[in-house]
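Below you'll find the structure, written out as structure tokens, and then a few comments.
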Amino acid sequence: MESRLNYFGSPLAGKVLKHINSAGKVVSESTLPAAIQELVKIRASQINGCGFCTDMHTKDAALAGETQQRLNLIAVWREATVFTEDERAALELTEQGTRIADAAGGVTDAVWANAAKHFDEDQLVALISLIAVINAYNRINVINQQPAGDYQPGQFG
């Protein structure tokens, strides 16, 4: 598979990515736990079929200490016993926030209430923002058919 264009080499894309990266940095520096941030990025990327981001974030999560067992079970988190209640709430919000078009009502009140039980207001803002940012990255990479598999942790700084 080859990308449709050299998106990462484009000066215009560089300007766009600068702003998306800035938003991502704000979220990464928030009080939302880093492990939950990686789970959210991986799950949204799986749903969107973004191999590039799935490759990147599973490698980054493993380097940060995430276990192979948990990485293997993210796609089936409902059936897995290895995730905490707050991780489950974040994963459920991620799924509904990513699949907006699949559910006429968007995120349900029940899913929101569950997330609000586990996260404070700043963490909820970070979680919503992270879901939006990773979905933006997924769409760029899927539309461009960005190949997956060659990512090296830390290659983007």
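Step by step: first the residues of the stretch 95-110, then only those that are modelled with pLDDT under 95, open to solvent by 50 Å² or more (accessible area, probe 1.4 Å) and of a type in the set (A, V, I, L, M), then the one that is farthest from Leu130 (Cα to Cα). Which residue is that?
Among those residues, the one meeting the criterion is Ala104.
Would you please name the residue that is nearest to Phe8 (Cα to Cα), looking only at residues in the stretch 72-86 that are open to solvent by less than 20 Å² (accessible area, probe 1.4 Å) and assigned to a helix (DSSP H, G or I)?
Ile74
Any residue in the stretch 92-107 that's in a loop (DSSP other than H, G, I, E, B): show its pairings with residues that are open to solvent by less than 50 Å² (accessible area, probe 1.4 Å) at Cβ separation under 8 Å, as long as the two are six or more apart or on different chains.
If the second residue must be open to solvent by less than 50 Å² (accessible area, probe 1.4 Å), the pairs left are Arg99/Ile47; Ala103/Gln96; Gly106/Gln96; Gly106/Gly97; Val107/Leu93; Val107/Gln96; Val107/Gly97.
Give just the number: which of (1) at pLDDT below 95; (2) open to solvent by 40 Å² or more (accessible area, probe 1.4 Å) does Glu92 not satisfy?
For Glu92, the failing item is (1).
Pairs please, first residue from the stretch 1-26 and touching a residue at least 12 places away in the same chain (Cβ under 8 Å) and aromatic (Phe, Trp, Tyr), second anywhere and outside any helix (DSSP H, G or I) and open to solvent by less than 100 Å² (accessible area, probe 1.4 Å), Cβ atoms under 8 Å, 6+ apart in sequence or on different chains.
Final answer for the pair search is Tyr7/Gln146.
Do the conditions hold for Gly49, that is, is it under 16 Å from the mean Cα position of the chain (by Cα) and crowded, with 18+ Cβ neighbours inside 10 Å?
In short, no.
Test each condition in (1) in contact with a His (Cβ under 9 Å, 6 or more places away or on another chain); (2) hydrophobic (A, V, I, L, M, F, W, C); (3) assigned to a loop (DSSP other than H, G, I, E, B) for Ala89 and report the one that comes out false.
Condition not satisfied by Ala89: (3).
For the subset of the stretch 60-71 comprising residues that are outside any helix (DSSP H, G or I) and either on the phi < 0 side of the Ramachandran plot or surrounded by 17 or more Cβ atoms within 10 Å (Cβ to Cβ) (or both), which member is modelled with the lowest pLDDT?
Ala64
Only residues that are farther than 16 Å from Gln46 by Cβ and buried (at least 19 other Cβ atoms within 10 Å of the Cβ): list them for the stretch 116-132, please.
Across the stretch 116-132, the qualifying residues are Phe119, Gln123, Ala126, Leu127.
May I ask you to list the residues in the stretch 1-59 that are touching an Asp or Glu at 6+ places or on another chain (Cβ under 9 Å) and either outside any helix (DSSP H, G or I) or small (Gly, Ala, Ser) (or both)?
Passing the criteria: Ser30, Thr31, Leu32, Pro33, Ala35, Ala44, Ser45.
Among Ala80, Ala126, Ala110, which is the only one that is of a type in the set (Gly, Ala, Ser) and under 17 Å from Gln37 (Cβ atoms)?
Within the list Ala80, Ala126, Ala110, the selection yields Ala126.
The values are calculated or read from the model by the stated rules, or taken from the named source; none is laboratory data. Everything quoted here is computed from the prediction, not taken from an experiment. FYI the Cβ positions are ideal-geometry reconstructions off the backbone, even for glycines, and counts take in every protein chain you see. All accessible areas refer to the heavy atoms of the entire protein, side chains included, with ligands and DNA or RNA removed. Shrake-Rupley method; radii C 1.70, N 1.55, O 1.52, S 1.80 Å.
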